[in-house]
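Please treat every number below as a calculation from the coordinates, not as lab data. This is a predicted model, so every value here is computed, not measured. Because the Cβ atoms are built from the backbone with ideal geometry, glycine has one as well, and the counts that use them run over all protein chains shown.
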Amino acid sequence: MREAIRTPSARWSRHRSVPGRAVVERLERRTFLTSTPISLPAGTAPGTIEAENYDNGGEGVAYHDTQTVNPGGAYRHDGVGITATHDAGVGYYLGWSHPTEWLQDTVNVAATTTYTLDVRLASLNGGTFHFSSDGHAVTGEIKMPNTGGWENWTTVSVPGVNFAAGKHVIRLSFDTVANPITGIGNINWFRFRDNPATSPRTAWWRAAKYGMFIHWGLYSQLAGHWNGQTTPGYGEWILHDLHIPLASYESQVPPKFNPYAFNAQTWVNTAKAAGMNYVVITAKHHDGFSMFNTKVNSYNIVQDTPSHIDPLAALSAAAKAAGLHFGVYYSIMDWNHPELATSSTSPGAKSPNDPAVINYINNQVKPQIRELITQYNPDILWFDGEWVPWWTEEYGREIEEYARSLKPGIIINNRVGKRTSSDGDFDTPEQVIPTSASNGRLWETAMTLNDTWGYKDTDHDWKSPTAVISNLTDAASKGGNLLLNVGPDGTGVIPSASVNILQQVGTWLKTNGGAIYGTAASPVTDPTWGKITRKGNTLYAIVFNWPGTHTLHLAVTGTIPHAKLLLNGATVPVTSSATGTDLVLPAVMPQMPATVIEIDYSGSIHAVQ
Ligand code: FHN
């Protein structure tokens, strides 16, 4: 066996394989070890180790090959189609592996927790492989199924892989082959994925419960009007819905956009007073205008408006200084790129492989995600506009892993992909609170305070503070978060009606936040009188409808030594029976619109059916 140190000048020659058999190109070189010492940025991975990395040597990538006749190795294959069933991510893969061969890389694991190993693979006959870390096996034998072809890709997932935080040398070793002539298979990528529902990485987000969504862009300046017409839908959709010529929008609106009253501290103060724990602002909405300092194009607030401000820099700094987490919204759909289709019937590139799509992803999306992460250090990436026909789950995975490679702790919503149950960290219902707790996935409802996200001066259909408190408690009782929207106007002011509503909700949260923040879903379905949340050995009964009998029935049994009003600590007498637990309430409801009773229990409680 020969080992070669790969140097930057090394050239790999490629071979065509035997017609009708196996894959296409292979490298002549045998075993490649990086000559550079391994030095990874802090916090790198868990994430995908792209076959692309194998191809360029990657940092920390080593590869061991045994075959002389049919040398395995990393080779680049560009012609891989990307569809739901036939794709290889970015079109690179490691091919034709044989027993005793291995590939290794170094990862810097962000947190000690349990991961799922995903391996994207294709194989004609199958075989087995396993993963090890620092010389110790971390998985048992993993079966590589016969996928029916060398480019018929599937993702094999191995749950329950425990990794300690820190740097590890991980190795994928090929063990047995079903057909010695064909080799074991091809690997496109592998990654270690934590469970967002339990990972320490998402702990702050799970506890936060309540955030502020901010839709702010060129459309805010228009306030819903263009040439005497008022847009019937969302303010931020005005370009699309009123069929404004792109050239007119792009030439006329930016010079008028002068947010002289913008003050990041005022927005942060509003969010804090509202009891919110994070803010998410539109960095780029569907109109394609960047509300941040980007070098990708000049269609951005810093270069293209008279104010030249960078609101994301100011908001990120003010939010973090005030102890709020900071997130950015990024639209995949982009009307500033007419060459890209916005629906299956609109003109423009629809195929994921169209050069216009690839160009947009490589030369705008990726660089802007890098800018957003490196310049503003967001805790959340909130993608949107993923329904365009040219966006695929694989692209989403690629962007997701790219973002995580830049900031491993980042939290990403499911619209990075196609909103499937394996896209991103959390699901994103919109305008509704789901009727039941979700199936193991984190979720966050995004909701407007009136009927628009972006500012419209004609929309006064405000939700009441009671409705907001009801939605927030409803979300918390089902284990979710609420991301409540404000739409500042073109001058940078959050409408006073929004501020008033938020303040009233904030006042209620000052006494009752304990029933919301850091809580988990109710152990029982919604009672008629309100909502229930749970934290450790405490239940919170959030009572909206004060019972005429002054007796609150809880459909749980258990040992409940204490119950008290969260408002003032006054004791609430408790009696338990086989049918549940009854609390004797004061005759008059002490706090509107909801009064919270804190109920401590010992041992376990049981739902009464
Ligand atoms: O089209 C957008 C809309 O303008 C807004 O940004 C919301 C927020 O969740 N998302 C899209 C619709 O789902």
Of N413, T270, A322, which is farthest towards the positive pole of region 200-513's charge dipole, taken about the Cα centre with +1 and -1 on the beta-carbons of Lys, Arg and Asp, Glu respectively? A322
Assuming R0 = 41 Å, what is the FRET efficiency of D457 and V608, from their Cβ-Cβ distance, to the nearest 0.05? 0.20
Cα centroid separation - region 104-139 against region 542-609, whole Å: 49
Multiply the residue separation of N227 and T549 by 0.36 nm, subtract the distance between their alpha-carbon atoms, and state the gained length in nm to one decimal. 110.0 nm
Tell me the chymotrypsin sites (Phe, Trp or Tyr not before Pro) within region 521-609 that lie in a loop according to DSSP and have at most 11 other beta-carbon atoms within 10 Å. none
Are there chymotrypsin sites (Phe, Trp or Tyr not before Pro) in region 180-274 that DSSP marks as loop and that have at most 13 other Cβ atoms within 10 Å, and which are they? Y260
Cross-link candidates for K531: which aspartates and glutamates have Cα within less than 19 Å, leaving aside residues fewer than 8 places away along the same chain? E444, D474, D582, E598, D600
Which of the pairs K256/K510; K320/K456; K366/K535; K256/K407; K209/K284 have their Cα atoms more than 31 Å apart in this structure? K256/K510; K366/K535; K256/K407
Computed P(r) (all Cα pairs; region 466-609; 10 Å bins; percent): 11, 42, 31, 11, 5, 1, 0
Please give the contour-minus-distance gain from T176 to K535: 0.36 nm per residue of separation, less the Cα-Cα distance, rounded to one decimal in nm. 124.4 nm
